[in-house]
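The values are calculated or read from the model by the stated rules, or taken from the named source; none is laboratory data. Note that this is a predicted model, so its numbers are computed, not measured. Cβ placement follows ideal geometry from the backbone for every residue including glycine, while neighbour counts extend to all protein chains displayed. Surface areas here come from the heavy atoms of the whole protein model, side chains and all, with no ligands, DNA or RNA. Shrake-Rupley method; radii C 1.70, N 1.55, O 1.52, S 1.80 Å.
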Amino acid sequence: MENIEIKQDTTYIFALGGIGEIGKNMYVVQHNKEIYIIDCGIKFANEDELPGVNGIICSFDYLIENKEKIKGLIITHAHEDHIGGIPYLLKKISNIKIYGAKLTLGIIKKKLKEHERSLLPHTEQIIDDNTVLNSSEFKIEFFRVCHSIPDSFGVYLETKAGKIISTGDFRFDFGNRGDETDILKIARLAERNIDVLLCESTNAEREGFSPSESTIINQLKRIILKAKGRIILSTFASNLGRVEEIIEIAINNNRKVCMCGRSMNTNIETSIECGFLQVNKNCFVEQREIKDIPDEQLLILSTGSQGEEMAALNRMSNGKHPWISLKPTDTIIMSSNPIPGNFLAVEDLVNRLYKLNVNVILNRPDMRIHSSGHATQTEQQLMFKLVNPQYIIPIHGEYKMLKLLKENAINSGIDASRIISVVTGQMVELNNHVAKASTNFLDINDVFIEGGQANDKSLKVVEERMALAENGVFSVLINMSQSTNRLLKQPVIMTRGCFYTKTAGPLIGKISYSIKDNIEKFVTTNKAINDETIKKIVTNTADFYIWKNKKKKPLINCVVFRY
């Protein structure tokens, strides 16, 4: 990395991802010759915007160049936007020690096993509320937070330069019987005089408190008890706390449970293995057994609440699921809200379900069947007051969320000069308990995942795909004499997606004759014409006429045959 000056006894804090976006959360804290990484997530790609791309991860260039300094990778919780990039990081740097809670490491291990067995075994350490990590430069502790997946933690990091807290994903839910944000532990850490708070901003637009998860569970229970036929409930597969409650409700009301979707199966299996979910496995049925279960005795837990193309619920709505055909007596419960970027896909899914005349229940103000796992404005302010930091760095959110968190902090009494807004790759320097934005900037590029493989150079390929999708392809076949360098026949033109061929006959004919004339003119004065020159003549001629008449820039492909 050019122009990066690392000062002695200064702590550097920076994001490789998660700033100005939802997804690929990855934050780095460096002091002298030691680096700790917090999370390593993935961002799901929009197929319409990035055709062929399965996901996006951070560039690991800086970490690869400084791999000997890396002391560990700390994972706050097991959501994909925090763990999805781990397999790709381990392919680049294989000896990183991973720190995470029991459930988190269990889910990571399953992911690595499915992804590539050579990534196992890896070095890991289970952390809990009492874990303390000590190295020559760092002291690190953890505090439990309430989120939409069990075993979620925030992180405390201390160096000689100052003290830092990273919230992870959190909320305050005082009615939740599961994991609660450990207010007492945070308050005790705050007594040490925290210098920098990295605070997630995802829900900075929402006022007040989110409804308690217990309220959501009670509403879901009422719906399940009232339903007469099959129940198909779709929620985030990672929302294990809710999924476990739903399974318990179903079992207590004489319903068998069927899991549809690989991520749902994997997470439930891991939860059982880790001891979080304690149920008799006889309560579960396979998809192929559904036909033998009376409708009123079945609850199906399905993936696809975000309208994902290949997810179980989406396939049901399209009549393409191999085991489940929807019918009017079915009750579909969508216990989720669309995440940014998925609104259109979810709307399309919901409309298809309504068209099938099934009973669809969505989250709405008078029927709360979903509550976010992210802190609202009031919950963020509560965290500010608990930690009482000298400085705040907004993280984990789109730019409007980061800006709203800053405004929220100002409204809670924090001076605007002590809120440090940064972009991806911009370092914050912490020295002698004083923090400031650094002049150090890392050049961070997105890395696209295609077919399960990370490709640093796939941007050009994606750009070509986008050009194809928008402007089509224009192919020209040229038949030349090997001995005389003369055209043997009129150039043959084929188009896909450029324009409507049946009405463009005159234009295609004009382009064909113009290509023929331009090649013959060039051959008259240049006997040694080669294939590359022919292709250049074809491209320039076709490009001129297509833009002039159709205002399009298709991918022009020329193939030269010699006989």
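Descriptive notes on the structure:
- Put 164, 22 in order of accessible area, highest first, and with a 1.4 Å probe you get 22, 164.
- Estimated FRET transfer efficiency when R0 is 56 angstrom, pair residue 539-residue 421 (beta carbons, to 0.05): 0.75
- For the chain, the longest principal axis of the Cα atoms and the long axis of helix 240-252 meet at an angle of about 70 degrees.
- Taking other residues whose beta carbon is less than 11 angstrom from the beta carbon of residue 360, and scoring Lys, Arg as +1 and Asp, Glu as -1, yields +1.
- For the chain, the longest principal axis of the Cα atoms and the long axis of helix 399-411 meet at an angle of about 30 degrees.
- CD proxy at 222 nm, helix term only [per DSSP H run n ≥ 4: -39500 (n - 2.57); per residue of the chain; nearest 500]: -9500 deg cm²/dmol
- Residue 181 - accessible surface, heavy atoms, 1.4 Å probe, Å² rounded to 10: 10 Å²
- Positive-pole candidate from 212, 196, 224, dipole of the range 175-231, charges at beta carbon: 224
- Annotation: amide H-H contacts under 5 Å for residue 256 (H modelled 1.01 Å from N, sequence separation of 5 or more, or interchain): 298, 299.
- Cα long-axis angle, helix 343-355 against the chain (0 to 90 degrees, to the nearest 10): 90 degrees
- Once all protein chains are placed together, residue 494 keeps about 90 Å² accessible to a 1.4 angstrom probe.
- Accessible heavy-atom area order of 404, 233, highest first, probe of 1.4 Å: 404, 233
- In a simple Cβ point-charge model (Lys, Arg +1; Asp, Glu -1; nothing else charged), the chain has a dipole of about 2140 debye relative to its Cα centre.
- Counting only the Cα atoms, the range 74-201 fills a convex hull of 119 Å³ per residue.
- Of 548, 24, 102, 406, the residue with the largest accessible area leads and the full order is 548, 102, 406, 24 (1.4 Å probe).
- Above-threshold pairs, the threshold being 18 Å between Cα atoms, out of 489/548; 102/185; 33/97: 489/548; 102/185
- Taking amide hydrogens as placed 1.01 Å from N in the peptide plane, the amide H of residue 17 sits under 5 Å from those of 26, each at least 5 positions away in sequence or on another chain.
- Rounded to the nearest 20, the size of the Cβ-charge dipole of the range 203-267 about its Cα centre is 500 debye, with Lys and Arg at +1 and Asp and Glu at -1.
- Taking amide H atoms as placed 1.01 Å from N in the peptide plane, the amide H of residue 326 has no partner under 5 Å among residues 5 or more positions away or on other chains.
- The mean accessible area for residues of the chain, using a 1.4 Å probe and ignoring ligands and nucleic acids, is 46 Å² per residue.
- Euclidean distance of C-alpha centroids, the range 63-134 and the range 242-257, integer Å: 32 Å
- Kirkwood Rh in Å, taken over all unlike Cα pairs in the range 312-451: 19.3 Å
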